[in-house]
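The structure appears below as C-alpha cells.
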Amino acid sequence: MIKYRTLIVDDEKPARELLKLHTAKVNDLELIGTCSNAIEAKKMLSENAVDILLLDVQMNEITGLDLLRMLKVQPATILTTAYSEFALEGYELDVIDYLVKPISFQRFFKSISKAMEFVKARKMLSDSDPLPVSAPANHIFIKVENRLVKIELDNLLYLESYGEYVKFHTPDKMYMTLKTLTSFEESLPKDFFYRLHRSYMVNLNKIEVIEDGSVKIGEKWIPISRKLKEDFMKLMKKRGVV
C-alpha cells in the first residue's frame, strides 16, 4: 500500500495536535513529523521526502507563504489558517487546497483526498518511460485546478495567453492552467505548433484559412503578428500550403 509522507507545520500546539489526530485516521498517510516554525520545516523538507505538506499561513518571523516561496520542490501543499483572506495568494503559489480553522475531519479528509490524487498522478508521470527523442509526445498533461488533465495534441486547436494563465482550446472544451505561453512554446513539438502572435500559439494542422494577416481555426480568427508574418508565410510555404 502506498503511504503518503505527510508533514505538519503550525506554530500553535493545539492546531498541530488536531491535525495529528486527523492524519492518524487516514490509513494512507504516514506522518513523518511536526514543526512549530518555518525554519524547522525547511530543514525537515531538505532532509526528507515529503509528499503532502499541511502548512499554517500565519507564523512568527517567516510565514507559511514565505516558506513556499523558498522551496525549489514543493510538496502537495494544503494551507491552514484562521483567516480566509490569504486564500487567493495561496492559490497563486499552486497550493492544493485551503482549510480554515477550526478544521473538521470531514473537510480535512476531502482536502487530503485531493492531495493524494495529485501526488499519485505526479508520481505516475515521473515514473513513466521516457519517449525516444525521435518520437514526439502525442499528448500533454496540464494542471487544471487540482487535477492533471491529459490533452491529445491532435485534438488541440490553439493556445491563448490569458494574463498569468494559458487557455487550451479543443473542439469541444477549453482548459485553463496557471503557466506561461512561452513555457509551452518551448515544450510543444515545433513542427506542429507555432506562436504567430504574443497571445496565441496555433496547431498548424488545424488552420483552415489564411487571410489579411489572420488565420482561421474553427470559428476563431487569430491575428498574425506583423513581425512574424513573413516567417510564418515562409513556414507555410515549406509545408506546401502557399
Item to complete: Hey, could you check region 122-150 for residues that are polar (S, T, N, Q) and more than 21 Å from residue 8 (Cβ to Cβ) and say which is modelled with the lowest pLDDT?
Response: 134
Practice prompt. Starting from region 201-219, take each residue that is of a type in the set (Gly, Ala, Ser) and list its partners that are assigned to a loop (DSSP other than H, G, I, E, B), counting only C-beta distances under 8 angstrom and pairs at least six apart or across chains.
Written response: 213/224; 214/224; 218/157; 218/171; 218/208
Practice prompt. Consider only pairs whose beta carbons are under 7 Å apart and that are at least six residues apart or on different chains; among these, list those whose first residue lies in region 98-110 and is part of a helix (DSSP H, G or I) and whose second residue is modelled with pLDDT of 90 or more and of a type outside the set (A, V, I, L, M).
Written response: 105/22; 105/25; 108/22
Worksheet item: When you go through (1) in a helix (DSSP H, G or I); (2) modelled with pLDDT of 85 or more; (3) of a type in the set (A, V, I, L, M, F, W, C); (4) closer than 21 Å to residue 113 by Cα one by one for residue 87, which number turns out not to apply?
Response: (2)
Discussion item. Can you find a residue that is closer than 30 Å to residue 111 by Cβ and β-branched (Val, Ile, Thr) anywhere in region 203-217?
Written reply: no
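Can you tell me which residues in region 174-203 are outside any loop (DSSP other than H, G, I, E, B) and closer than 15 Å to residue 138 by Cα?
184, 187, 193, 203
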Worksheet item: Taking interchain pairs and intrachain pairs at least six residues apart, which have beta carbon atoms under 9 angstrom, with the first residue in region 40-64 and in contact (Cβ under 8 Å) with a residue 12 or more places away in the chain and the second in a helix (DSSP H, G or I) and exposed (fewer than 15 other Cβ atoms within 10 Å of the Cβ)?
Response: 42/70; 51/123; 57/89; 59/66; 61/39; 62/39; 62/70
Worksheet, complete the sentence: In region 140-152, anything surrounded by 13 or more Cβ atoms within 10 Å (Cβ to Cβ) and touching a Phe, Trp or Tyr at 6+ places or on another chain (Cβ under 7 Å) is listed as 142, 144, 146, 148, 149, 151
Response to the item:
When every residue in region 101-121 that is among the hydrophobic types (A, V, I, L, M, F, W, C) and modelled with pLDDT under 90 is compared, the one surrounded by the most Cβ atoms within 10 Å (Cβ to Cβ) is 118
Worksheet item: Given the structure, is residue 171 in a loop (DSSP other than H, G, I, E, B) and modelled with pLDDT of 90 or more?
Response: yes
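The values are calculated or read from the model by the stated rules, or taken from the named source; none is laboratory data. Computed from a prediction, not measured in an experiment: that's the story for all the values here. Cβ: placed from backbone, ideal geometry, glycine included. Neighbour counts: every protein chain shown.
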